[in-house]
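No lab work stands behind these numbers, since they all come straight from the coordinates. Treat the numbers as computed from the prediction; the structure is a model and nothing was measured. Here the Cβ positions follow ideal geometry from the backbone for every residue, glycine too, while neighbour counts run over all protein chains shown.
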Amino acid sequence: MPRRIMYGTVVSDKGDKTVIVRVDRQVMHPLVKKVVRSSTKFAAHDPENTHKVGDMVRIRECRPISKRKRWEVIAGEA
């Protein structure tokens, strides 16, 4: 099964080897028929602590690394 890849912005880098990435998406509201923006935050594995707040990154689904980390950072600029 292919691994999902998402693009997002780093919003926190306080954890050791961990960054929090916010992924924004736009969906059509089913009743109002208006485009609504929503976002989801993912904890991603960053082994070298290279990414800082504000960086655009790509994250890829991976095996569970800890209780909340199921994603890993694979690239810098998206």
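General observations
- Applying 1/(1 + (r/R0)^6) with r as the Cβ-Cβ distance of V32 and M56 and R0 = 25 angstrom yields a FRET efficiency of 0.25.
- Full extension of the segment from D24 to A75, taken as 0.36 nm per residue of separation minus the current Cα-Cα distance, would add 16.6 nm.
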